[in-house]
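Engineer: Let me begin by handing over the structure; questions about it come next.
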Amino acid sequence: RAAHYGNLRIVLPLVFSVNELRRSRQLLERVKQDLEQEGMATPKHIPLGIMVEVPAAVLIADVLAAEADFVSLGTNDLIQYALAIDRINEHVSYLYKPLHPAILRIIRGLVQTAHQAGIPVAICGEMAAEPAYALVLLGMGLDEFSMNPVSIPKVKKVLRISRFEETRALVEKMFQFSTASEIEFYIRSWMSERFPKDFIQPHKEELRA
């Protein structure tokens, strides 16, 4: 009903099988038919996307992207499940690394797979709310960013005065490092030089391996 009055998109969380996507489409069509029988107008197509949050979805990303209308990366859970880290457990939360080489390769691969299928990729999670990470995500080709309202001004400020070419170069250099701490130090050093009024030069001892 809402889709009749505005641009509605539906995203399915924690998808790990293409059957879930197909079944959801069937249910959506059934509801549309019921509404039409009641005399209510419905749009011809409601975009149906998937939230990639589990490693199983990553491994069949090409299959899912072939049938989804868009992809959204749920980085909070994706990082946690991929690294087997409980981010709210104080004893191991320090191992939660958004810039872990494995996570970055996963994201880059997902973006490439989705774009090859001709669908956009959004990011939903705390990773997009960090300006330094947002630049990395932009350089990897992310199309849309979702974050808490309080984070929008600082991220927007950085993105507005950045060039896409420099973010691509940043990403290429970043993939030359082997550890999350090396990547983190490089990114934050780059940010402090590029935006000296907003970011402080990091110290290596501040970043854990």
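Engineer: What are the ³J(HN,Hα) values, in whole Hz, obtained from phi via the Karplus relation 6.51 cos²θ - 1.76 cosθ + 1.60 with θ = phi - 60°, for each residue of region 100-114 in sequence order, with x given for Gly and Pro?
Structural biologist: Values per residue, Gly and Pro as x: 4, x, 5, 5, 5, 5, 4, 5, 4, x, 5, 4, 4, 5, 5 Hz.
Engineer: Grab the other residues whose beta carbon is less than 14 angstrom from that of Val155, score K and R as +1, D and E as -1, and report the net. Kindly include the intermediate steps, with their values, before the conclusion.
Structural biologist: Details: positive: Lys154, Lys156, Lys157, Arg160; negative: Glu126, Glu130, Glu144, Asp198.
Net of charged neighbours comes to 0.
Engineer: Also: Mind checking the dipole of the chain: about its Cα centre, +1 per Lys or Arg Cβ, -1 per Asp or Glu Cβ, Debye to the nearest 20? Can you show the working numbers first?
Structural biologist: On the way: 24 positive and 25 negative charges, 84 e Å.
It comes to approximately 400 debye.
Engineer: Please work out how much accessible surface Phe164 shows to a 1.4 Å probe, ignoring ligands, DNA and RNA, in Å² rounded to 10.
Structural biologist: Number for this one is 90 Å².
Engineer: Tell me which aspartates and glutamates have Cα within less than 13 Å of Lys173's Cα, excluding those fewer than 8 residues away on the same chain?
Structural biologist: Leaving aside aspartates and glutamates fewer than 8 places away in the same chain, those within reach of Lys173 are Glu165, Glu182, Glu184.
Engineer: Please give the Cα centre distance for region 153-188 versus region 42-117, rounded to the nearest Å.
Structural biologist: About 20 Å separates the Cα centre of region 153-188 from the one of region 42-117.
Engineer: Right, here's the next one. List, in the order given, every pair from Lys97/Lys197; Lys97/Lys156; Lys32/Lys97 whose Cα-Cα distance in the structure shown is over 32 Å.
Structural biologist: Values: Lys97/Lys197 26 Å; Lys97/Lys156 23 Å; Lys32/Lys97 43 Å.
Listed pairs above 32 Å: Lys32/Lys97.
Engineer: Now, a different point. Separation between the Glu166 and His45 pseudo-spin-labels, each 7 Å from Cα along Cα→Cβ, expressed in nm?
Structural biologist: 3.8 nm
Engineer: For Leu27 and Ala102 in one chain, what is 0.36 nm times their gap in residues minus the Cα-Cα distance, to one decimal in nm?
Structural biologist: Numbers: separation 75, 0.36 × 75 = 27.00 nm, distance 3.57 nm.
Additional length available on full extension: 23.4 nm.
Engineer: Subtracting the Cα-Cα distance from 0.36 nm times the residue separation, let me have the gained length for Lys197 to Glu90 in nm, one decimal. Before the final figure, lay out each step's value.
Structural biologist: On the way: separation 107, 0.36 × 107 = 38.52 nm, distance 3.22 nm.
Gain in length upon complete extension: 35.3 nm.
Engineer: With Cα extents along the principal axes in Å as the read-out, I listed (1) 65, 35, 33; (2) 61, 46, 24; (3) 69, 44, 40; which label goes with the value calculated from this structure?
Structural biologist: Evaluating Cα extents along the principal axes in Å on these atoms matches (1).
The values are calculated or read from the model by the stated rules, or taken from the named source; none is laboratory data. Values in this document were obtained by computation on a predicted structure and should not be read as measured data. Cβ atoms come from the backbone with ideal geometry, glycine included; neighbour counts cover every protein chain shown. We work out accessible area using only protein heavy atoms, side chains counted, and drop any ligands, DNA or RNA first. Shrake-Rupley method; radii C 1.70, N 1.55, O 1.52, S 1.80 Å.
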